[in-house]
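The values are calculated or read from the model by the stated rules, or taken from the named source; none is laboratory data. Only a predicted model underlies this, so the values are computations on that prediction, with no experimental measurement involved. Note that each Cβ is placed from the backbone with ideal geometry, even for glycine, and that neighbours are counted across all protein chains shown.
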Amino acid sequence: MAYLWGISTCTLSAAAKDWEKGARVMRGTWGSRKEAALTDVMTLSGFLFGHVPSLNKAMADHKVVHDLFLRWAEEYGPIYRLNLLHRVAINATSPEAVKEIMMSPNYPKDPYTYKRLFNLFGKRFMGIGLLTNPDHAHWYKQRRIMDPAFSHTYLIEMMDVFNERAEQLMDQLEKKADGKQTVSLYHSINCVTLDVITKVAFGLELGLVEGNETEFPSAISTVLKGMLLYLHNPLSQYMPQHWAFVRKVQESADLLRKTGRECISKRKQAMLDGEELPKDIMTKILECAVQEHGLDDEIMLDNFITFFIAGQETTANQLSFTVMELTRQPEIRQRLREEIDEVIGVKRDVSCEDLSNLKYMTQVLKESLRLYPPGPGTSRYIPKTTEIENIKIPGGVSILFNTYVMGRMAKFFPDPYKFDPERFHPDAEKPHYCYFPFALGPRSCLGQVFSQLEAKVVLSKLLQRFEFELAPGQSFEIMDTGTLKPRDGVVCTLKPRTDS
């Protein structure tokens, strides 16, 4: 459920355009007080605009905004200030800060960032679900209800679904595996991850891998685009040039919540009628909600939307980046194949025990998340003055943490741009509090076990059955849209393996 971690930095950079338009308005006393308290924190020069022009240029040039944060961290140190007209925020690449703040329940989610996701153009969107809820006590009740449904013990009972959906994808890819036809593996992997999460979480059969047409992929794509527009300009719904698209976004958000409402209502009625219930995530959550004296249906819907958006997007992006990188890492790819051949062989169904024995694959997936974390950052709110790295951070400011940035800093990961799974060998020395693709502490990602089980099943089957190469003209560039994804879609040619 890491999808919207990138929103923290995305919100600041996207909102920069709005702040620049209002630059003629003087800074208020709130901003002045924060600036006075942060005089010891390194920052860029610039009386009025601060970082705004640099952020706007990066967005206009379709660059990865987080590369700017990396450059500034290397230039200004582990704690530096972002000035965005009237707003002040802190960027931290300090392991001490990560440990102090992310591991503690005393620093809530940043309300400035996450409250903007409650509604989407006037329609309730992610509300106050697990991802967006800034209130720790309220969040903790939700988490306690949902934790059992995402435990390793419960999820391994759904391995049949992981295997079945992944096998359907392999069968579809086999039809095009002639070494000539091109396939967007990014698109194909998106289809299978959405098929998996809708079935395992909610008992829905979409059949996207097999070519069935439903409204869900379009609705999800539309709300994601709408979310970015809303973050860029919350007033866009009042601008005539955006009205048609805003209506489409609202309709898509309504569709997702309507579907979720129907799923929850039917399952609750089945429970009351004493029917045999499917063994999936929704059933487990509803059973736990009864034991915990209930969970509001609207909050259940908030999490339904979050699971759809976040659970599918991050796994698909991680797998796509991994496949992309493997096309230029023949030695790593071969070693992975040898491990798969030894552990799984040619059998169709992968067991949970098999996945546990894919040690090198675990290292490869972790290294992929280091270089290409789909959700690059998260933010917290500093409620009262805190001292980090001998610098006093005043209360009332946001602090941003970025696993993309820290994962690419040589002082934490030598030769950081080299794709090297040996960094994550069990015996390798690892830096502490520098790697957090699923966040850390009490607000760590609920769905990380789900995500990595699914990623291992799909990747093992892909390598078990196919050779793949990037098609001519494909790049290794990253697209930054709040989450990070391969810019060109990982378009490949495939051939059946002949050496297995």
Just to be sure before I move on: is residue 484 within 18 Å of residue 323 (Cα to Cα) and over 14 Å from the mean Cα position of the chain (by Cα) in the structure I sent?
no
Pull up the range 277-334, narrow it to residues that are more than 24 Å from the chain's Cα centre (by Cα) and of a type in the set (Val, Ile, Thr), then point me to the one that is nearest to residue 361 (Cα to Cα).
332
Could you pull out every one of the helices (runs of 4 or more DSSP H) wholly within the range 89-188 that has 3 or more residues that are over 21 Å from residue 224 (Cα atoms)?
136-146, 152-155, 159-174
For the range 445-500, how many residues are in a strand (DSSP E or B) and not polar (S, T, N, Q)?
16
Can you tell me which residues in the range 209-243 are exposed (fewer than 13 other Cβ atoms within 10 Å of the Cβ), within 23 Å of residue 56 (Cα to Cα) and either among the hydroxyl-bearing types (Ser, Thr, Tyr) or within 17 Å of the chain's Cα centre (by Cα) (or both)?
238
Within the range 399-415, take every residue that is in contact (Cβ under 8 Å) with a residue 12 or more places away in the chain, surrounded by fewer than 22 Cβ atoms within 10 Å (Cβ to Cβ) and of a type outside the set (A, V, I, L, M) and give me the one that is farthest from residue 368 (Cα to Cα).
412
For the range 162-202, give me the residue count where each residue is under 18 Å from the mean Cα position of the chain (by Cα) and on the phi > 0 side of the Ramachandran plot.
0
Does residue 385 count as more than 18 Å from the chain's Cα centre (by Cα), surrounded by fewer than 20 Cβ atoms within 10 Å (Cβ to Cβ), at pLDDT below 95 and within 29 Å of residue 402 (Cα to Cα)?
yes
Condition check for residue 195: of a type in the set (Asp, Glu), in a helix (DSSP H, G or I) and closer than 30 Å to residue 287 by Cα:
yes
